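Data block below; observations after.
Every read-out reported here was derived from the displayed coordinates using simple, explicitly stated rules and does not represent laboratory data. The structure presented is a predicted model; accordingly, all values stated were derived computationally and were not measured. Here the Cβ positions follow ideal geometry from the backbone for every residue, glycine too, while neighbour counts run over all protein chains shown.
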């Protein structure tokens, strides 16, 4: 089983409106909702690829109940969320039908008590015993210590479970020092972590800070990987238009599934870029188009960095 | 017991944001939520005035459950909502901390099936047997016939229960023809109903269309009542600043509570304007400030229209 951790789970709500105008009243023409938070997205993609998964993190209040209800219908995704008193957050994406643009409103998430954080860690350590890999994803809800990911990385490494960290800011800075197997920052997150706006230099710095491998999504350039086994670049396919929501989570699912299948780095990266691109073109945010995925996977060209120049 | 009907109940959610900018991502700094829909607001104010109330309408899905949970804590408000399969709507008010302005996003509400509408009517007729008055409030959810309020007004009049109608558009046009005891439109709703932008002429027209009494809220002018017993004007108090959300619902509660207490029209209007103003100044939207209410009630001057000129 692959374990994904989403400390700040969410109910992702999408509203369609004709045109968003501040200070006006709007009739919402379309409402869709689904369980969200990066680790839940990763688990859904892993499950679609045929991997057994378990999702953990926190769920509380009526919104937490809706998240759990939404997970019950998903094959190969086991709900291992830890109940908390505070309410799970909602995120609202308001899509303007006129411009196609999205305005995002994110609730902060529940306040986690020290006892709830302790209960989570106990449950996490139990889940690690049957995990082949673990992904630690997304922001921290209020109350969780900023060094939380460092603690969770150490616990995974103590029992030799490969661990991927996908977060930003101070939680990334602290987490990376605990030596995760993979971190997957984008250019902005790298710059925030290292102070350098030169991605390759920043990636090298991230490895010096503790990450065994750094896989960075550099927009149109695609994925770049600096690893103990070598350096690779997997260019993004051309002419993709669509909704980028969840593309990064699909890349994480690609890396992690190929890792537990013991595929070499070039195959991991090929899967990650193909899944990511197939997510952008899928009509539903966060899902991937299987035909596009298989097509792009067959065509993916991963080059060693020395060759790529 | 006073019965209030809210066919399109809601969970009213308020988000505080620093500044709302279309197409940007926002961290919501404050989240508050409470059961909403005009009839539920009316019932809460009636209950605060000491009246036993029952609320009916529809509730469905997880949001309906949250509305019901929110009602459980409210003394003297009995939950008589009828369960439906579709999900109760959410309304989201995004308050911009920089400008103080509010942007409103309203979900459409559940699709009501013919069987659910029939079940509601049966329950409504049972509730009428122990009602001293009934208020029919707000918009209709999808699936409910546009003549719904006419049907509900007739059922109330058939068992001699006084009925107040507070809605707009075609549901008001149809409902008024069934001869409700009171309608409570504002200037816009009167204009839409009658085609006349001259409020007094429009009020007379509304009476000709079937309303026994018309009580119109004319903004700064206050309340004007045309009734079989006479015509009155109750000016709004000066210099009120605050949140007008729920002020109209408080006026309905004032009219209806004074009606069942058998107070004459001037006392009904005095209570309505004082409650309405005390709602505007209250810090929480839809609640009223009791000290302000009592103060304004003592000072309220209701004049006969002949004198008022």
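What to note about this one:
- For residue B:241, inter-copy separations between label points set 7 Å beyond Cα along the Cβ vector come to 4.8 nm, shortest first.
- Among A:83, A:110, A:228, residue whose mean-square fluctuation peaks in a GNM of chain A (springs only between Cα atoms under 10 Å): A:228
- Entry note: segment B:176-309 has Rg to Rh equal to 0.96, where both radii use alpha-carbon atoms and Rh is the Kirkwood radius.
- Spin-label model distance (nm) - residue A:154 vs residue B:209, 7 Å beyond Cα toward Cβ: 7.2
- With a 10 Å cut-off around each Cβ of B:18-25, the average count of Cβ atoms from other chains is 5.
- For the pair segment B:56-129 / segment A:11-59, the C-alpha centres are spaced 23 Å from each other.
- Summed over all non-identical Cα pairs, the Kirkwood treatment of segment B:177-218 gives a radius of 9.7 Å.
- Going by neighbour counts of Cβ atoms within 10 Å, the residues B:203, A:1 line up, fewest first, as A:1, B:203.
- Once the Kirkwood radius over Cα pairs is known for segment A:21-78, the Stokes-Einstein relation at 4 °C and 1.567 mPa s delivers a diffusion coefficient of 98 µm²/s.
- Shown here are the Rg and Dmax of the Cα trace of segment B:236-309, at 12.1, 38 Å.
- Taking 1.002 mPa s as the viscosity and 20 °C as the temperature, the Stokes-Einstein diffusion coefficient of the protein assembly as shown based on its alpha-carbon Kirkwood radius rounds to 79 µm²/s.
- The fraction of all Cα pairs in segment A:34-108 landing in successive 5 Å bins from 0 to the largest distance is 3, 15, 23, 21, 15, 13, 7, 3, 0, given as whole percents.
- For B:120, B:288, order by how many other beta-carbon atoms lie within 10 Å, fewest first: B:120, B:288
- Per the Debye formula on identical point scatterers at the alpha carbon atoms of chain B, with no solvent, log10 I(q)/I(0) at q = 0.08, 0.10, 0.12 Å⁻¹ is -0.34, -0.53, -0.78.
- Sorted largest first, extent of segment B:1-127 alpha carbons per principal axis (Å): 50, 36, 19
- Here the spin labels are modelled as points 7 Å beyond Cα on the Cα-Cβ line, and at residue A:23 and residue B:69 they lie 3.6 nm apart.
- Ellipsoid semi-axes in whole angstrom, largest first, where each is sqrt(5λ) of the Cα gyration tensor of segment B:98-211: 25, 21, 13
- Sequence of B:188, B:289 once ranked by neighbouring C-beta atoms within 10 Å, starting from the fewest: B:188, B:289
- Using a Gaussian network model of chain B in which every pair of alpha carbons under 10 angstrom is joined by a spring, one finds that among B:82, B:281, B:17 the greatest mean-square fluctuation is at B:17.
- Cα-Cα P(r), segment B:86-163, percent of pairs per 10 Å interval: 16, 37, 26, 15, 7, 0
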